[in-house]
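Engineer: Before I ask anything, let me first share the structure, which is written out below as structure tokens.
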Amino acid sequence: MKSKRPKRSTRKTSRAPVLRKIATGIQGLDELTDGGLPKGRTTLLCGGAGSGKTFLAMEFLVRGVKEFKEPGVFVAFEEQTEELARNFASLGHDLKALVAEKKLAIDFVNIERSEIQETGEYNLEGLFIRLEHAIDSIGAQRVVLDSMDVLFSALTNTAILRDELRRLFRWLKTKGVTAIITAEQGDGRLTRTGLEEYVADCVILLDHRVTAQMFTRRLRVVKYRGSSHGTNEFPFLIDESGVSILPITSMGLNYKVGTGRVSSGIPRLNAMMGGRGYYRGGSVLVSGSAGTGKTSLAAHFAQATASGGERCLWLAYEESPSQIIRNMRSIGLDLAPAVQSGMLRLQAVPPTIFGLEMHLLAMHKLVKELNPRSVIMDSISNFTTIGSEVEIKAMLMRLIDLFKMRQITSLFTSLTTGDTFVEANDTRLSSLMDTWLLLREIESGAERNRVLHLLKSRGMAHSNQIREFLLTDRGVELRDVYLGPSGFLLTGSALLVQKAHEQAQAVLREQEGGDKKRELEHKRQAMEAQIAALRAEFEIDQMKALKVVGQDEERATVLTDDRVQMAKQRQADAVKATHPMKRMSGGL
Amino acid sequence: MKIKPKGGSIKASTAKPEEYWTLRLYVAGQTSKSTAAFDNLKRICEERLKGHYSIEVIDLLKNPRLAKDDQILAIPTLVRKLPPPVRRLIGDLSNTERVLVGLDLRRNN
């Protein structure tokens with residue numbers, strides 16, 4: 001056993017050719033450090049009192065056990081085992097169970113300075129033996145020593161102590177365990193005791209401060225030899241789900257989705273989405289230029305959520321809660337009862353006070369505290385003052401990730417600027433959104449009128465028609481689209497004018513039609529009269545003609561008779577009776 | 001390794017007659033420091049507590065569990081189990097003055 005530990009004089013000369021890392025399993029930290037802590041090395045975790053060093057270190061062990069099946073040893077210099085177990089039970093970790101399963105070993109090293117008298121040369125072999133025993137008994141791969149300051153305050157011979165700590169870190173390396181040691185932050189330096197001089201591989205600094213009445217824990221990777229790492233400060237949370245650090249890159253996209261729907265609060269808008277509204281847990285973007293009614297649309301949704309007996313969180317970045325309530329009253333929406341009953345939480349958040357990360361954190365906290373079923377952010381455009389478009393998108397990605405994880409339906413409003421194809425502004429965001437409503441103003445006939453497009457709605461059949469969007473004193477109303485004769489959309493008074501015009505024309509046409517009918521009737525009557533006259537005329541002619549024929553025949557008979565008489569008289573041969581007319585003509 | 005010195009007369013100036021001292025010395029193997037500590041302890045006890053003390057030497061390499069159970073950090077560590085209260089001394093006990101203070105033996109001087 002002894003042989004495994006290097007003598008105090010030995011120096012470690014060989015280095016691992018490639019830096020291997022061990023994933024901590026702590027949300028966000030692995031992304032931040034590009035894979036985790038240096039494997040088989042010691043990481044220094046420093047920070048002020050109450051900055052969360054112990055929590056983070058313990059989380060490292062518990063995650064190791066739960067996610068990577070790597071047992072861990074926690075050497076506690078400050079808190080007793082019982083105390084630790086109690087503290088972590090409130091964070092959802094059952095340390096006693098882990099100890100019983102031999103996945104975790106906790107060794108409380110009790111050093112009372114008043115009890116210890118230094119009488120000469122010594123070393124910390126006792127600590128080494130305890131540590132080795134604990135590591136070997138459960139096959140630990142992770143070790144935490146919390147915190148080193150106790151040793152420094154208990155033992156006066158710092159020369160011995162420093163030598164022993166150097167030996168300890170070397171020994172931990174040869175033991176192949178990945179270790180975290182914690183230490184108190186000093187004035188103007190990372191640690192009070194200068195431990196950072198010995199632990200050169202990875203140093204993480206924790207910080208906590210109160211800004212604008214808001215307590216924030218922050219984490220920064222100060223140093224990570226041989227590895228890239230995020231250099232900024234990142235807020236982190238300690239809650240019942242453990243420690244989570246929030247680098248904006250960390251997200252999962254591995255949540256379950258439902259098919260349930262939630263009402264948008266506007267029946268005709270629901271109708272446009274297959275009659276049932278937004279998807280539960282979906283993200284909705286409402287974009288539009290100033291004064292297009294984005295907030296009103298959001299208010300309808302809030303009201304619908306609250307009246308359905310579900311909690312809604314409204315983050316107002318532009319208006320105060322009372323202002324929103326007043327303004328919504330003007331369109332017949334009274335949000336006050338919902339606010340009073342606690343179903344609607346109007347939370348004013350000045351966007352410029354915090355950075356994006358802080359907003360994300362604030363959101364996490366609020367969502368955790370309220371557990372809402374829907375969240376409204378009005379409007380996300382205000383973030384442009386504190387972050388670039390890419391950063392905002394990344395933050396929203398994380399947020400939507402959070403919402404979807406919790407099956408929260410989210411509605412974001414976005415102010416688009418200018419009139420030139422407003423969609424372009426929000427195209428980047430649109431990929432994050434399940435439903436995208438665009439509110440536009442159409443200028444015609446010296447007025448601006450609102451129209452609503454349902455640009456996209458993932459996973460449902462939806463109307464592709466533009467609707468006119470009206471803010472009435474009974475709330476938002478969607479009107480049918482009306483196309484003018486030239487195929488252009490008509491809205492507002494132009495629509496009314498067009499409608500009146502068309503009605504007049506219809507009446508006119510009706511009248512014209514009547515006239516034509518009558519005229520035709522007249523014509524028909526005239527024609528029939530003419531026909532009758534003609535017929536009468538014809539009949540007269542016919543009668544006349546028949547009369548003439550009769551007379552001629554009579555005359556011819558008479559003539560023949562005369563001739564027969566004459567021949568008889570002249571005693572001539574029988575003369576063939578010929579037609580008198582023929583004879584007459586031949587005789588002429 | 002248990003050493004019980006033979007009995008002898010106890011000087012009234014060193015310890016109360018009814019007191020019996022139980023001392024434990026924790027070491028890790030046979031190192032120069034541990035032997036020095038034992039020698040120093042033996043010397044002091046013979047001088048002050050003759051016949052009224054016992055020294056138990058515990059080698060943590062042979063019994064590592066005891067390091068945790070008895071809260072041992074530094075090596076060598078001397079624990080005065082009896083008389084109460086428990087007192088702890090670390091180091092090779094070469095500084096006699098400090099050993100006497102630590103064991104609370106100076107009051108009778």
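None of the figures in this text is laboratory data; all of them are computed from the coordinates on show. This structure is a prediction, so every number in the text was calculated from the model and none was measured. No Cβ is skipped: glycine too gets one built from the backbone with ideal geometry, and neighbour counts run over all protein chains shown.
Engineer: Quick one: of the DSSP bridges fully inside segment B:19-108, what percent are antiparallel, nearest 5?
Structural biologist: Details: 9 of 16 bridges.
Looking only at bridges with both residues in segment B:19-108, the antiparallel portion is about 55 percent.
Engineer: How many Cβ atoms of partner chains, on average, are near each residue of A:126-136 if near means within 10 Å of its Cβ? Could the numbers behind the result be given before it?
Structural biologist: Numbers: counts 17, 5, 6, 13, 10, 3, 2, 7, 3, 0, 1.
Average per residue, whole number: 6.
Engineer: For A:Thr42, list long-range residues whose amide hydrogen, built 1.01 Å from N in the peptide plane, is under 5 Å from its own amide hydrogen.
Structural biologist: Here A:Ala179 satisfy the definition.
Engineer: In debye, nearest 20: dipole of segment B:19-108 around its Cα centre with unit charges on the Cβ of K, R (+) and D, E (-)? Intermediate results must be reported in sequence, preceding the final value.
Structural biologist: Details: 16 positive and 11 negative charges, 31 e Å.
Computed charge dipole of segment B:19-108: roughly 140 debye.
Engineer: Below 8 Å between Cα atoms, with a sequence gap of 6+, how large is the relative contact order for segment B:19-108 in percent?
Structural biologist: Numbers: 129 pairs, mean separation 34.7, N = 90.
Rounded, it is 39 percent for segment B:19-108.
Engineer: Another one. Ordered by packing density, taken as the mean number of other Cβ atoms within 10 Å over each peptide's residues, highest first, how do A:388-394, A:202-208 rank?
Structural biologist: On the way: A:388-394: 15.3, A:202-208: 21.3.
Result, highest mean Cβ count within 10 Å first: A:202-208, A:388-394.
Engineer: While we're on this one: Given H placed on each backbone N at 1.01 Å, which residues far from A:Ala105 in sequence or on other chains put an amide H within less than 5 Å of it?
Structural biologist: The answer is A:Gly72, A:Val73, A:Phe74.
Engineer: What is the local net charge at A:Ala461, summed over the other residues whose Cβ is closer than 15 Å to its Cβ (Lys, Arg +1; Asp, Glu -1)? Mind dumping the intermediate values first?
Structural biologist: Details: positive: A:Arg261, A:Arg276, A:Lys456, A:Arg458; negative: A:Asp434.
Result for the local shell: +3.
Engineer: Okay, next question. Excluding residues fewer than 8 places away in the same chain, name every one of the aspartates and glutamates whose C-alpha is closer than 18 Å to that of A:Lys21.
Structural biologist: Excluding near neighbours in sequence, the set is A:Asp30, A:Glu31, A:Asp34, A:Glu59, A:Glu67, A:Glu70, A:Asp201.
Engineer: Among the listed pairs A:Lys523/A:Lys544; A:Lys39/A:Lys368; A:Lys69/A:Lys173; A:Lys39/A:Lys103; A:Lys39/A:Lys404, give every one whose C-alpha distance is greater than 23 Å.
Structural biologist: Numbers: A:Lys523/A:Lys544 31 Å; A:Lys39/A:Lys368 34 Å; A:Lys69/A:Lys173 20 Å; A:Lys39/A:Lys103 19 Å; A:Lys39/A:Lys404 34 Å.
Listed pairs above 23 Å: A:Lys523/A:Lys544; A:Lys39/A:Lys368; A:Lys39/A:Lys404.
Engineer: Whole-Hz ³J(HN,Hα) for each residue in segment A:509-515, computed from phi via Karplus 6.51 cos²θ - 1.76 cosθ + 1.60 with θ = phi - 60°, x for glycine and proline: what do you get?
Structural biologist: 5, 4, 4, 4, x, x, 4
Engineer: Here is a follow-up. What does the charge count around A:Glu83 come to, taking other residues whose C-beta lies under 14 Å from its C-beta (Lys +1, Arg +1, Asp -1, Glu -1)? Kindly include the intermediate steps, with their values, before the conclusion.
Structural biologist: On the way: positive: A:Arg86, A:Lys96; negative: A:Glu78, A:Glu79, A:Glu82, A:Asp107, A:Asp146.
Counting the neighbours of A:Glu83, the net charge comes to -3.
Engineer: Give a residue-ordered list of calculated ³J(HN,Hα) values for segment B:37-49 (Karplus: 6.51 cos²θ - 1.76 cosθ + 1.60, θ = phi - 60°; whole Hz; x for Gly, Pro).
Structural biologist: Once rounded to whole Hz, the list reads 4, 4, 4, 4, 5, 4, 4, 5, 5, 4, 6, 10, 10.
Engineer: Something else now. Want the number for A:Gln505 to A:Arg209: 0.36 nm per residue separation, take away the alpha-carbon distance, what's left? Could the numbers behind the result be given before it?
Structural biologist: On the way: separation 296, 0.36 × 296 = 106.56 nm, distance 7.36 nm.
Roughly 99.2 nm would be gained on extension.
Engineer: Taking K and R as +1 and D and E as -1, what net charge do the other residues with C-beta under 11 Å from the C-beta of A:Ser147 add up to?
Structural biologist: Values: positive: A:Lys53, A:Arg192; negative: A:Glu78, A:Glu79, A:Asp146, A:Asp149, A:Glu184.
Local net charge: -3.
Engineer: Using a 10 Å cut-off around each Cβ of peptide A:109-116, what is the average number of partner chain Cβ atoms that fall inside?
Structural biologist: Working: counts 5, 2, 4, 2, 0, 1, 8, 9.
Mean shielding count: 4.
Engineer: Report, as an integer, the average count of C-beta atoms from other chains found within 10 Å of each Cβ along B:80-87. Kindly include the intermediate steps, with their values, before the conclusion.
Structural biologist: On the way: counts 0, 0, 0, 0, 0, 1, 1, 3.
Taking the mean over all residues of the peptide, I get 1.
Engineer: With an 8 Å Cα cut-off and a minimum separation of 6 or more residues, compute the relative contact order for segment A:266-355 in percent. All intermediate terms of the calculation are to be shown ahead of the outcome.
Structural biologist: Values: 79 pairs, mean separation 23.7, N = 90.
Relative contact order comes out at 26 percent.
Engineer: Restricting to Cα pairs below 8 Å that are 6+ residues apart, what does the relative contact order work out to for segment A:263-481? Please round to a whole percent. Intermediate values should be presented prior to the final figure.
Structural biologist: On the way: 425 pairs, mean separation 65.0, N = 219.
Over segment A:263-481, the number comes to 30 percent.
Engineer: What is the antiparallel percent of DSSP beta bridges lying wholly in segment A:263-481, to the nearest 5? Each step should come with its number before you reach the end.
Structural biologist: Working: 17 of 43 bridges.
So the antiparallel bridges in segment A:263-481 amount to around 40 percent.
Engineer: Here is a follow-up. Distances longer than 21 Å among the Cα atoms of segment A:19-245: what percent of all pairs is that? Please list the in-between numbers first.
Structural biologist: On the way: 13609 of 25651 pairs.
Of all Cα-Cα distances in segment A:19-245, 53 percent exceed 21 Å.
Engineer: I've got another one for you. I'd like to know how segment A:263-481 sits against the 2.2 N^0.38 Å rule of thumb: what's its Cα Rg over that expected value?
Structural biologist: Details: Rg = 16.1 Å, N = 219, 2.2 N^0.38 = 17.1 Å.
Here the answer is 0.95, to two decimals.
Engineer: Pull up all non-local amide H partners of A:Leu411: gap of 5 or more, or a different chain, and H-to-H distance under 5 Å with H placed in the peptide plane.
Structural biologist: A:Val284, A:Val375, A:Ile376, A:Met377
Engineer: Something else: Using the Karplus equation 6.51 cos²θ - 1.76 cosθ + 1.60 (θ = phi - 60°), what ³J(HN,Hα) coupling, rounded to whole Hz, does each residue of segment A:157-171 give in order, writing x for Gly and Pro?
Structural biologist: Whole-Hz 3J(HN,Hα) from phi for segment A:157-171: 7, 5, 4, 5, 4, 4, 4, 5, 5, 4, 5, 4, 5, 5, 5.
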